[in-house]
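The next block holds one structure in the form of structure tokens; read it before the comments.
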């Protein structure tokens, strides 16, 4: 039975302190830590606020509050494709292959010029209420809107085909390119634009909260 521990891939998020002494340490794929890495941690990594770390080259999914530290020290692995950060950052040292990008706390800051051209899935923070006009690169096909999306829904570019949004509201101005809608929380929207072919309703409070890691 003990040998099975070495065969499993553990996908639940866990603190590094709880597993660092385990002989099957490298089988954990989602790690949360504030410490410097000493060995390989799998493909998914979760960092706290004040981090000064060396990331394993195999990391593909990263959730980190202080992304600026990684960028300033040029230690962001080029393997990362899924990234969730709290706020804005300088994209000069950003890995060019990032396809999934999500902001956790961005509210009214302008995002023009900070979204890498490689991003296909973009998640704005729940409280975001700023403009997105000319801010979304043409590579983005899936866009998760903030709570106050009505203020900028008409600014969604025609490259977007899937929109994820909170609560039902007036979707006037939604581009005809959007053929899939996902509504998170609230009652079903009373009016669905005729161009929409697929509609998903996720009424639970935390439905879709792991958008960037799905």
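Each reported figure results from applying straightforward, stated rules to the coordinates on display, with no laboratory input. This one's a predicted model, so the numbers in the text were calculated from it and none came from an experiment. Positions of Cβ are generated from backbone atoms using ideal geometry, with glycine treated the same way; all protein chains shown enter the neighbour counts.
Observations on the model:
- The simple spin-label model puts a point 7 Å past each Cα toward its Cβ; for residue 127 and residue 32 those points are separated by 2.0 nm.
- Label-to-label distance for residue 24 and residue 179 is 4.4 nm, based on points extended 7 Å past Cα in the beta-carbon direction.
- Theoretical gain in end-to-end length, residue 196 to residue 155 [0.36 nm per residue, Cα-Cα removed]: 13.0 nm
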